[in-house]
1. If you check SER91, SER80, which single one turns out to be in contact with a Phe, Trp or Tyr (Cβ under 7 Å, 6 or more places away or on another chain), more than 20 Å from THR64 (Cα to Cα), open to solvent by 40 Å² or more (accessible area, probe 1.4 Å) and at pLDDT 95 or above?
2. Could you check segment 126-139 and list, in sequence order, the residues that are under 10 Å from the mean Cα position of the chain (by Cα) and either of a type outside the set (Gly, Ala, Ser) or part of a loop (DSSP other than H, G, I, E, B) (or both)?
3. Of (1) assigned to a strand (DSSP E or B); (2) exposed (fewer than 12 other Cβ atoms within 10 Å of the Cβ), ASN86 satisfies all except one. Which?
4. Take ILE13 and decide whether it is open to solvent by 40 Å² or more (accessible area, probe 1.4 Å) and under 23 Å from LEU140 (Cβ atoms).
5. Look at segment 12-22 and say how many of its residues are touching a residue at least 24 places away in the same chain (Cβ under 8 Å) and part of a loop (DSSP other than H, G, I, E, B).
6. Looking at segment 42-68, which of its residues are among the aliphatic types (A, V, I, L, M), more than 11 Å from the chain's Cα centre (by Cα) and open to solvent by 20 Å² or more (accessible area, probe 1.4 Å)?
7. Take segment 94-111 and flag every residue that is crowded, with 17+ Cβ neighbours inside 10 Å and in contact (Cβ under 8 Å) with a residue 40 or more places away in the chain.
8. Looking for whichever is on the phi > 0 side of the Ramachandran plot and within 15 Å of the ligand (Cβ to nearest atom) here; the options are GLY53, GLY88. Which one fits?
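The values are calculated or read from the model by the stated rules, or taken from the named source; none is laboratory data. It should be emphasised that the depicted structure is a prediction, and the values quoted were computed from it without experimental measurement. Quick reminder, even Gly has a Cβ in these numbers, built from the backbone with ideal geometry, and neighbours come from all protein chains shown. The accessibility values were calculated without ligands, DNA or RNA, using every heavy atom of the protein model including side chains. Shrake-Rupley method; radii C 1.70, N 1.55, O 1.52, S 1.80 Å.
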Amino acid sequence: MAIRNIRYEGDEILNKVCREVKENSPKLQQLIDDMFDTMYEANGVGLAAPQVGMLKRLVVIDTTGDNPIVLINPMIVETSGSQTGNEGCLSVPGKVGIVTRPDYVKVRALDRDFNEVEIEGTELLARAICHECDHLDGHLYVEKVEGKLMDESEAYEEEGN
Ligand code: ZN
């Protein structure tokens, strides 16, 4: 188990466009394992390679805790509907903001064995796919927040919890 350092908003690596992953290697497999470890440790549901300082088109997602998804060179090929709700990011700790995303997403990518896959997601998974793919083009969700960025505790109050 290896936890990598998460890069935070303000680190210029988070604003760069990531490079396509061209070949599989033991190093890439190690990076994928480390990204899952880092994401679970931080209680996240997704993590993109630039968030651990690697400018590669690679993301890991697990919105349920038992459905790990690896997307290499992901491309969103279909979206529909919309959902508006709170979103956060491990690179912007303690904050949440309201973002509108598609409610359904189909993404084409390579899995960790370099097999071509198509994955469909709705609700939180659709949101996570969009959020993580944005990271690969140097975008953070804070650019899309409707209204103001809130502290996590404020957001809870608004939900009445
Ligand atoms: Zn993020």
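1. Numbers: SER91 fails: open to solvent by 40 Å² or more (accessible area, probe 1.4 Å).
Answer to the selection: SER80.
2. So in segment 126-139, the residues under 10 Å from the mean Cα position of the chain (by Cα) come out as 127-136.
ARG127, ILE129, CYS130, HIS131, GLU132, CYS133, ASP134, HIS135, LEU136, listed by residue number.
3. (2)
4. Working: open to solvent by 40 Å² or more (accessible area, probe 1.4 Å): no; under 23 Å from LEU140 (Cβ atoms): yes.
Here the answer is no, as ILE13 does not meet what is asked.
5. Here is the first cut: in segment 12-22, the ones touching a residue at least 24 places away in the same chain (Cβ under 8 Å) are 13-21.
Filter once more, keeping what is part of a loop (DSSP other than H, G, I, E, B): 16-18, 20-21.
Adding up the residues that qualify gives 5.
6. Restricting attention to segment 42-68, the residues satisfying the condition of being among the aliphatic types (A, V, I, L, M) are 42, 45, 47-49, 52, 54-55, 58-61.
Then keep just the ones that are more than 11 Å from the chain's Cα centre (by Cα); that gives 42, 52, 54-55.
Within segment 42-68, ALA42, MET54, LEU55 qualify.
7. The answer is LYS95, VAL96, GLY97, ILE98, VAL99, LEU110.
8. Values: GLY88 fails: on the phi > 0 side of the Ramachandran plot.
The match here is GLY53.
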